[in-house]
1. What is the one condition in (1) open to solvent by 20 Å² or more (accessible area, probe 1.4 Å); (2) assigned to a loop (DSSP other than H, G, I, E, B); (3) closer than 26 Å to residue 461 by Cβ that residue 624 does not satisfy?
2. Would you confirm whether any residue within segment 573-590 is touching a strand residue (DSSP E or B) at 6+ places or on another chain (Cβ under 7 Å) and under 30 Å from residue 307 (Cα atoms)?
3. Only residues that are in a loop (DSSP other than H, G, I, E, B) and open to solvent by 30 Å² or more (accessible area, probe 1.4 Å): list them for segment 400-427, please.
4. Does segment 82-103 contain at least one residue that is under 23 Å from the mean Cα position of the chain (by Cα), free of Cβ contacts under 8 Å to residues at least 40 places away in the same chain and over 30 Å from residue 187 (Cβ atoms)?
5. Give me the helices (runs of 4 or more DSSP H) completely within segment 460-545, filtered to those with at least 2 residues that are farther than 30 Å from residue 366 by Cα and open to solvent by less than 10 Å² (accessible area, probe 1.4 Å), ordered by residue number.
6. Answer yes if at least one residue in segment 137-158 is surrounded by fewer than 16 Cβ atoms within 10 Å (Cβ to Cβ) and small (Gly, Ala, Ser), and no otherwise.
7. Report, by residue number, each residue of segment 633-668 that is in a loop (DSSP other than H, G, I, E, B), of a type outside the set (Val, Ile, Thr) and under 34 Å from the mean Cα position of the chain (by Cα).
Amino acid sequence: MPEKTAIGGVGKPLPATPSAGESYLASLRDWPSRVVIEEVRPQIDGGRFPIKRIVGEAVEVTADIFADGHDQISAQLLFRDEGAGWQGVPMSLLENDRWSATFVPQRLGQAYYTVEAWVDYFRTWRDGFQKKVDAGQDLTIEFLIGADHVRKAAERARGRDQQSLSHWHEELRNPRSSRDFKAGLALDAELLRLMERYPDRRAAQRFERELAVTVDPQRAGFSAWYEFFPRSVSTKPGKHGTLRDAAQHLAYVAEMGFDVVYLPPIHPVGSAFRKGKNNNPQSTAEEVGSPWAIGSAEGGHTAVHPDLGTLNDFDELVARAKELHLDVALDIAFQASPDHPYVKEHPDWFRWRPDKTVQYAENPPKKYQDIYPFEFENSDWRALWAELRDVFLFWIGHGVRIFRVDNPHTKPFVFWEWLIAEVKAKHPEVIFLAEAFTRPKIMYRLAKLGFTQSYTYFAWRNNKVELTDYLRELTQTEVREYFRPNFWPNTPDILTDELQSGERGAFISRIVLAATLSPNYGIYGPAYELMEHVAVSPGKEEYLDSEKYEIKDWPLGRPDSLKPLIARLNAARKQNPALHSNHTLEFLDVDNHQLIAYAKTSLDGSNVIVAVVNLDPRWTQSGWLSLPLSDLNIDATRPYIVQELLSGSRYEWFGPVNYVELSPTKINAHIFRLVQGE
């Protein structure tokens, strides 16, 4: 007899305990899967973070799926809401072992998805059977093999499907039936449908992770924000406005078609080191200070400034906003004035310097003596975290569902991940906007951690190359899966060089770009519609006589106000689904570098929008615009109507190349809706 060779090498004894290989074999099911699943997309950082969608927005999932040999495979996309069971949808082969399927989240909160695949023995048999039929070969044994596959499926089936499969099994084995009759049965599409309903998945391979989707409300994906200071809306010049005044002012905002009204902090303002006009470190007793210097003897982050009114007044403002189909967004700034109750009650929550004073906020050469940052790395950090979470919960209890968060990049990432998860576990409808003008990776990290929307660099992207490159980064890379941009051409802190020109054309082009290049956008008003443009000094991006430090009396009825134009712009946004997302954004060719053109199409293809914007705020610019008509669902052999949504004009165009001309003295932008002519 031949000599037996011990496992592990010649002459070595068998191991006393199972080897790693033996342990692996023992752990397997009936047999190991032969399927490989790779490159599942979308997937953020290996599944560490969820992607984002709004309710009803599709998630297209792709994966590379293959197996050894020549057997055919089948795959399905699995998806579920949190706490619910899995649902499956078949995946389709695209090309080169790339598979795809889509599901649509229908509930707020978290949803999950993964991919499963298996060797499809029936499809493999059916493919070979078809080839043998075509070749005229003997099919006797093939009928028996196919019938066995059907029998096993019948054992997995239930009800009427089980009866149908059992009947197919008997017919495929029936020796009295003709070859052609049984071949027709074997290749019948109904049999294939039933077999796909009850596949043999004993050796199915499932992707190693369940990937998550954060499902947000509609407002997260499409919104127009308007910021104003309640203290500046009094009907009496120079008098401190109230929340009751602000409630009356909401009609003005609604007339322009905005749907989110954003209020800077409404809390008591500290007296110590209160800033005066133009950020003057010296102030008089009459000066109102900065709303971001939060806290006084009257209370802190859950109190209302006495000059603004009461919590009841705030509740009435929220109710009035709902009547006007507006959502109220509240500013959350986690910092304190020296007078904030936290400073005395929780001194450990602040950084104390060697001279026994608290470290105030600085951004050299700027100093903010009226603001104390929180010290998150302190021994009482758990209590601090819980208190700050409860600030959100307090205002949620008063009807707020949208929060603009001030400078979140100056607080720990882990804090935001915890807090947002805590809040959204109870209130998945809440929206967090990150006001973080910082480095790109930090902005993206905050979005991954849970911020629903994000401020961007749009304010500083002005020429054609800058705009196209930036939008392609936001819409054509992985960033689109988790980072929702919210474009703001101005804020109380930002008066860009572009707007400091004071040119009406600049204000028009910038708001049209913001409102059509991003589904979410906002302006700080009435500074924007009244084209406020004087900087505090040359080279500074700050307003002279900034509303951050004083009450303003705005001449809202000024005849040159952009209010009518903004109303038409917001109406165009609401009436055209193509502008509700960036999924189909495509930049178009136009032979003038001062003109930028782009198209958007609704997901069903029925709504086509083309925007052309003059980037020159002073001079008329013209050029020839090239349209990819087939991509825009327009028949190039027939005339088509171009409806200009800002002016109401109509044009008949023919062919892909047409002339456009834009003058800053009129309207510096076109928003065209394309309609196929009769």
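The values are calculated or read from the model by the stated rules, or taken from the named source; none is laboratory data. None of the values given here were measured: they were computed from a predicted structure. Every residue, glycine as well, gets a Cβ built from its backbone with ideal geometry; the counts of neighbours run over all protein chains shown. Keep in mind that these areas ignore ligands, DNA and RNA; they rest on the heavy atoms of the full protein, side chains included. Shrake-Rupley method; radii C 1.70, N 1.55, O 1.52, S 1.80 Å.
1. (2)
2. From segment 573-590, those touching a strand residue (DSSP E or B) at 6+ places or on another chain (Cβ under 7 Å) are 573, 576, 578-579, 584-590; that's our starting set.
Cutting the leftovers down to under 30 Å from residue 307 (Cα atoms) gives us none.
Within segment 573-590, none of the residues are touching a strand residue (DSSP E or B) at 6+ places or on another chain (Cβ under 7 Å) and under 30 Å from residue 307 (Cα atoms).
3. Answer for segment 400-427, where residues must be in a loop (DSSP other than H, G, I, E, B) and open to solvent by 30 Å² or more (accessible area, probe 1.4 Å): 401, 407, 412, 427.
4. Restricting attention to segment 82-103, the residues satisfying the condition of being under 23 Å from the mean Cα position of the chain (by Cα) are 82, 100-103.
Next cut, free of Cβ contacts under 8 Å to residues at least 40 places away in the same chain only: 82.
From what's left, over 30 Å from residue 187 (Cβ atoms): 82.
Yes; the residues of segment 82-103 include at least one that is under 23 Å from the mean Cα position of the chain (by Cα), free of Cβ contacts under 8 Å to residues at least 40 places away in the same chain and over 30 Å from residue 187 (Cβ atoms).
5. 464-475, 504-517
6. No - not one qualifying residue is present in segment 137-158.
7. Hits for segment 633-668 are 633, 635, 645, 646, 647, 648, 649, 656, 664, 668.
Yes/no per residue for (1) within 20 Å of residue 471 (Cα to Cα); (2) not polar (S, T, N, Q):
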site: 593; (1), (2): yes, yes
site: 599; (1), (2): yes, yes
site: 605; (1), (2): no, yes
site: 608; (1), (2): yes, yes
site: 613; (1), (2): yes, yes
site: 620; (1), (2): no, no
site: 633; (1), (2): no, no
